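The values are calculated or read from the model by the stated rules, or taken from the named source; none is laboratory data. Keep in mind it's a predicted model, so treat the numbers as computed, not measured. Don't worry about glycine lacking a Cβ; one is built from the backbone with ideal geometry, like all the others, and counts go over all protein chains shown. Protein only, heavy atoms only, side chains kept; ligands, DNA and RNA dropped before computing areas. Shrake-Rupley method; radii C 1.70, N 1.55, O 1.52, S 1.80 Å.
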Amino acid sequence: MSFDHWDEIRTAYQVARVGTVSGAAEALGVHHATVIRHIDALEGRLGAKLFQRHARGYTPTEAGQDLLNVAAQTDDQFTQLAGRIKGRGDEVTGELIVTSLDALSPLIVPAIGDFMERHPDLRVRLMTDHRLFRLEYGEAHVAIRAGTLPDQPDNVVQPFFTQTIRLMASRDYVARFGTLERGNVEDHRFIGTVEDSPRAPYYRWLNEHVPASSIHFRATSMMAGKVAVVSGMGIGFLPTWEMEGTENLVEVLPPLEDWSARIWLVTHMDLHRTAKVQTFVRFLKDKVKTWGVDTP
């Protein structure tokens, strides 16, 4: 393989990024037949399948992931090099991929909006599903993760803030059903998760201390749980910062120690010092000071 084949590698990278030939063709500004030709030529040259083809699109194989790891990092580094050559090495342009917890979206999305106002040539993709995106494969530039200190090799990990989860209800709910007192959980309606064995310690506490018959509403997302709590559907878990600026929420039980979690900013060492990653991380570390959370 040589730099002569960069067009084919870049095509494969775009197919993996968007998952379809048509999407990659649109992103690259070429005909879809060109995309297919590049993929076929690259697989022939390497002697390995880079993608599994299926009805919904293309999924990288293990060999494809290895190639895309190199392609993603090279694409970002080449963009930064081009900027330096043109005297614009500190400009934040191109695409920034961020992965975060869905529950943090009310904080993260407005922050990203402010960041994009400052850098109008930037495009951002925010991914909030439950799987752990692999920075070493270029699946994201910045990851916002919770829990124990992430220990993946070659990642740069920085403390971001501490999030405390509290058990809350709306004032309307309390007016209808009363307060939560020891021994009468069966008389209340709770909001839980659909997971049978949840990882979150507060949901584990709920499953251990509240009978299933009292959990009247379950959701996969804490965002949906928040709407249920605010709507008066039951008692549920919300982060402390959700209480800011509202008088509608009532804390029904002091939080336990393990209901607090450290939130981390994670980047990969190969892209950590690129302009867009450095600028975004610095911006978030300034922005978090306005969120009313515990910071390092």
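Rolling a 1.4 Å probe across the protein heavy atoms gives region 144-263 an accessible surface of 53 Å² per residue. Pairs of lysine residues in the chain that meet both criteria, 8 or more places apart or on different chains and Cα atoms under 26 Å apart, total 7. Heavy atoms only, probe 1.4 Å: what % of the accessible area of the chain goes to carbon and sulfur, would you let me know? Here carbon and sulfur together make up 50 percent of the probe-accessible area.
In the chain, the longest principal axis of the Cα atoms and the axis of helix 275-287 are about 10 degrees apart. A cut-off under 12 angstrom between Cβ atoms defines the neighbours of Asp286, and their net charge, with Lys, Arg +1 and Asp, Glu -1, is +4. Dipole size of the chain about its Cα centre, with +1 on Lys/Arg Cβ and -1 on Asp/Glu Cβ: approximately 320 debye, rounded to the nearest 20. Relative to the first principal axis of the alpha-carbon coordinates of the chain, what is the inclination of helix 62-85, with its axis defined by its Cα atoms, in degrees from 0 to 90 and to the nearest 10? Around 80 degrees separate the two axes.
Between Val98, Val156, Val210, the GNM of the chain built on Cα springs shorter than 10 angstrom shows Val210 fluctuating the most.
When the Cα positions of Thr274, Pro254, Phe237 are compared along the charge dipole of region 169-296, Thr274 comes out farthest toward the positive end, with charges on each C-beta of Lys, Arg, Asp and Glu.
Per-residue ellipticity at 222 nm computed for the chain from its helices equals -12000 deg cm²/dmol, with DSSP H segments shorter than 4 residues left out and the rest contributing -39,500 (n - 2.57). Each Lys or Arg adds one and each Asp or Glu subtracts one; over the other residues with Cβ under 14 Å from the Cβ of Gly57, this totals +2.
Surface exposure of region 90-131, expressed per residue as accessible area with a 1.4 Å probe, stands at 53 Å².
With N the number of residues in region 156-296, Rg(Cα) / (2.2 N^0.38 Å) evaluates to 1.23. With θ taken as phi - 60° and the Karplus curve 6.51 cos²θ - 1.76 cosθ + 1.60 applied, the whole-hertz 3J(HN,Hα) list for region 232-242 is x, 7, x, 8, x, 9, 9, x, 3, 5, 5 Hz, x standing for glycine and proline. Across region 219-296, the relative contact order, built from alpha-carbon pairs under 8 Å that are at least six residues apart, equals 22 percent.
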